[in-house]
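The values are calculated or read from the model by the stated rules, or taken from the named source; none is laboratory data. Predicted, not measured: the structure shown is a model, and the values here were computed from it. Positions of Cβ are generated from backbone atoms using ideal geometry, with glycine treated the same way; all protein chains shown enter the neighbour counts. With ligands, DNA and RNA removed, areas are computed over all heavy atoms of the protein, side chains included. Shrake-Rupley method; radii C 1.70, N 1.55, O 1.52, S 1.80 Å.
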Amino acid sequence: ITCTFTNRKTTTITLKKAWSTAAVNDTASVLLKRGAATVDTLASTANTATETDTDVTPFTANVGETLNLSETLGGANAGQYTAVLACDNSVTVNGSGDFTVPATATNCTITNTRRTTTITLRKSWSAAAINDTASVLLKRGATTVDTLASTADSATETDTDSTPFTANVGETLNLSET
């Protein structure tokens, strides 16, 4: 009878999920895989716009093995995000989410930053009476977030807001004119 014992050095991988300017109540699952098998998960809900959730049960991994870091965003999420995958201790995560487990305990974080876009208010006049005025308002809920005051200097013209508003992709805004 021959018995073989293989000793392997192990360390821990702790999953983290960071939200930046998140839509509150958006969700994500952070996944750690060994090949096709999921070996650890972290379910995360953005309870505030900016927070970090940490897996309380780190995964024990073999030093030198390749693992994969990824996430699945909730289907009902209001926000759209740009994700950055990173691990501390100088661990490099490639474009596919693969990394080599180092000899020290490591934190791997997926940071989601809500995508933004700019909105430029414009008021077009057609057959206007000279010196007519109007205000174009952009609101987030009851709060006015941008205003364009427009005066018809000619019968046909377009006035443009000189400072575009930065909005979160997926948020609901209201446009009105007074």
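The ellipsoid equivalent to the alpha-carbon distribution of the chain has semi-axes of 54, 14, 11 angstrom, derived from the gyration tensor eigenvalues as √(5λ) and listed largest first.
Net charge in the neighbourhood of Ala23 (other residues with Cβ under 10 Å of its Cβ; Lys, Arg +1, Asp, Glu -1) is -1.
Return the aspartates and glutamates within reach of Lys9: Cα separation strictly under 13 angstrom, same-chain partners fewer than 8 residues apart disregarded; answer none if there are no such residues. Filter leaves Glu65.
Accessible surface area normalised per residue over the chain is 56 Å², counting heavy atoms of protein chains with a 1.4 Å rolling probe. Cα centroid separation, region 1-33 to region 136-178: 46 Å.
If you take the beta carbon distance between Ser126 and Val84 as r and set R0 to 45 Å, what does 1/(1 + (r/R0)^6) give as a FRET efficiency, to the nearest 0.05? Intermediate values should be presented prior to the final figure.
Numbers: r = 47 Å, r/R0 = 1.04.
The calculated FRET efficiency here is 0.45.
A straight Cα-to-Cα reach below 22 Å connects Lys139 with the lysines Lys123, residues fewer than 8 places away in its own chain not being considered. Checking Cβ-Cβ separations below 4.7 Å across the chain identifies Cys3 as cysteines lacking any candidate disulfide partner.
Hey, what D do you get for region 67-138 in µm²/s if you plug the Kirkwood alpha-carbon radius into Stokes-Einstein at 10 °C and 1.306 mPa s? Please list the in-between numbers first.
Working: Rh = 16.9 Å.
In µm²/s, the coefficient rounds to 94.
Listed by chain and number, the aspartates and glutamates whose C-alpha is less than 14 Å from the C-alpha of Lys16, apart from same-chain residues fewer than 8 away, are Asp40, Glu51, Asp53, Asp55, Glu71, Asp88.
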